[in-house]
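Working notes, structure below.
The values are calculated or read from the model by the stated rules, or taken from the named source; none is laboratory data. Keep in mind that what you see is a predicted model, and the values were worked out from it rather than measured. Note: ideal-geometry Cβ built from the backbone for every residue, glycine included; neighbour counts use all protein chains shown. Only protein heavy atoms, including side chains, enter the accessible area calculation; ligands, DNA and RNA are left aside. Shrake-Rupley method; radii C 1.70, N 1.55, O 1.52, S 1.80 Å.
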Amino acid sequence: PGERPVNQTVPGRAVQRRQPKSMLGILYTACFSIVIGAGGHNAKGKEIQAEEMAQYRERVKDMFYHAYNNYLENAFPYDELRPLTCDGQDTWGSFSLTLIDALDTLLVLGNVTEFQRVYHVLQGGMNFDIDVNASVFETNIRVVGGLLSAHLLSKEGGIKVESGWPCSGPLLRLAEEAARTLLPAFQTPTGMPYGTVNLMNGVNLSETPVTCTAGIGTFILEFATLSRLTGDPVFEDVARKALDALWDSRSDIGLVGNHIDVVTSKWVAQDAGIGAGIDSYFEYLVKGAILLQDEGLMSSFLEYDKVIKNYTKFEDWYVWVQMYKGTISMPVFQSLEAFWPGLQSLIGDINNAMKTFHNYYQVWKQYGGLPEFYSIPQGSAVDKREGYPLRPELVESAMYLYRATGDPTLLELGRDVIEAIEKISRVDCGFATVRDLRDHKLDNRMESFFLAETVKYLYLLFDPDNFLHNDGTTFHTVTTPYGECVLGAGGYLFNTEAHPIDPAALHCCSQHKEDRWEVEGLMQGFRASQYMRMGLSAAGASEQYHQYSKKMRTAQDGKTINKQTNKKRVPILSCPSQHFSSKLAVLGQVFTDHS
């Protein structure tokens, strides 16, 4: 419905087109949950659902364009659309936030033309030197994360990239500029950042020192990516220092609370759980471990996982407890906690993930959405917490678990989400937040994460052949000042705003010889196999490759590397040997099991 011809262009509008036993074992599972998890699909479920899946993809596209086009027509350049009054508002800092958040979703849906248009709009029209107080957390995950993702996907989106990409590029420079405005927030005695910063003037003198745990521990993906691409270690350094400070602030029983004073390290809110205020801290320990192949980050998460199960888990629900005593403080399920089964899938804990997912799915069936707070003992939404702002977390978990299991129940959740959002939230100018799931009253807001996350995860759930699900069978190579680099082979990691990062890109701009040797070894095997298929002998193929390699090195001779760091290099972790294409898919490195 409402589809336009493929070749029609409307200015300013989008055109629619049709349990592991060891840490290394866990990282092996994590690698392959992301890269080749689709291999575990249930053939029967896939066969039954194939036709319907195509129909649901089209419905998700229609949802996206109904929301996106209304944002462009009624709200741009404001941050968000107000769908009940058909106008816009700034919410997180006056960044045209919905445009940034939706950019990589356009590419996921296959709309290269609109991706390119918006890419160039952002390239020439963003300014972060403004007198605006902005959330450090939200600016990082939405703006920095969105710009980094679009930068790394620009070649996939048909952008003519500049020489040196992905180690340079206009959106990378914008992401770096945005991140630098956030750095003053990290200038505290503990290294834990303030929650708000003025983009022009730094931290206000009256700024509260109390910050939530997630607002401290949700930087390593974006900031490490920035450091590895630009060669400036400051971003990764401050993110790691903040993580270290949180780890050192745990209670004697190993839990962290909800809010902490970043000047004194004293806990202000002492409720411990996996939901609001803490959630993405745990998420970034796992994803940071995978992205950076960092045993320390994974070890930290596994320690938390033990105490979380010990103190907060009851019959596949997770409750809130007092961080020092472990006694229950809030027997509630929060909608933000629905990310947890997806995170469990990344460490291979599929059985527990599915059990918890089914609990959350039952709440969805009860209301047609997840209320912000749900009382587990009473089996009902908590008073004044009955809203549903079209959050993505349950769909996110369904997408991960479907990639891992192929269980058709997970597609049923996707179907239910589409039906409910269409029925309850759709209005003339977009999709509105549900103020109360009991009577379906609406609020005049459409958060940017609806297009960045909810729609994207829905589409990926129903699109098993999407390029983001690449299993390593396709890829492309680029030449950087640091050597030949493999990109687009899969293994994408989503930040907490669902902006995908290609892990292999972090090795494109590296000065570490070990990284270069491993990638060059892979490429030697690949090129040699190509030459042998052309009829050359093994010796001739090897000689041909060495001539090619020598030519590449000569072309790069004299170029210097700016990247400087005093940090001890984290050892690269290992995964068991795989066939060639899968080796390329996992961070572009050779993995052998030395454990």
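Output the residues belonging to the range 184-201 that are surrounded by 16 or more Cβ atoms within 10 Å (Cβ to Cβ) and closer than 20 Å to Thr91 by Cα. Of everything in the range 184-201, those that are surrounded by 16 or more Cβ atoms within 10 Å (Cβ to Cβ) and closer than 20 Å to Thr91 by Cα turn out to be Ala185, Tyr194, Gly195, Thr196, Val197, Asn198, Leu199. Inspection of the range 99-116 finds no residue satisfying the criterion of being small (Gly, Ala, Ser) and over 24 Å from the mean Cα position of the chain (by Cα). Among the hydrophobic types (A, V, I, L, M, F, W, C), in a loop (DSSP other than H, G, I, E, B) and at pLDDT below 95, is that true of Cys485? The answer is no for Cys485.
Limited to the range 320-348, what total is found for residues that are of a type in the set (D, E, K, R) and open to solvent by less than 10 Å² (accessible area, probe 1.4 Å)? Total meeting the criteria: 1. Just one residue in the set Asp407, Asp439, Asp428, Asp416 is acidic (Asp, Glu) and under 21 Å from Val382 (Cα atoms); that residue is Asp439.
Candidates in the range 251-283 are the residues that are closer than 27 Å to Pro184 by Cβ and charged (D, E, K, R); of these, the one that is least open to solvent (accessible area, probe 1.4 Å) is Glu283.
Once the range 405-441 is narrowed to residues that are within 20 Å of Phe373 (Cα to Cα) and in contact with a Pro (Cβ under 8 Å, 6 or more places away or on another chain), the residue that is surrounded by the most Cβ atoms within 10 Å (Cβ to Cβ) is Val434. Taking each residue of the range 198-227 that is over 23 Å from Cys509 (Cβ atoms) and looking for partners that are of a type in the set (Asp, Glu) and surrounded by fewer than 24 Cβ atoms within 10 Å (Cβ to Cβ) with beta-carbon atoms closer than 6 Å, six or more apart or interchain, yields Met200/Asp129; Met200/Asp131; Pro209/Asp261; Val210/Asp261.
Filtering the range 371-395 to residues that are part of a strand (DSSP E or B) and touching a strand residue (DSSP E or B) at 6+ places or on another chain (Cβ under 6 Å) leaves Phe373, Tyr374, Ser375, Ala381, Tyr388.
Considering only residues of the range 442-467 that are part of a helix (DSSP H, G or I) and among the aromatic types (Phe, Trp, Tyr), which is most open to solvent (accessible area, probe 1.4 Å)? Per the stated criteria, the residue is Phe467.
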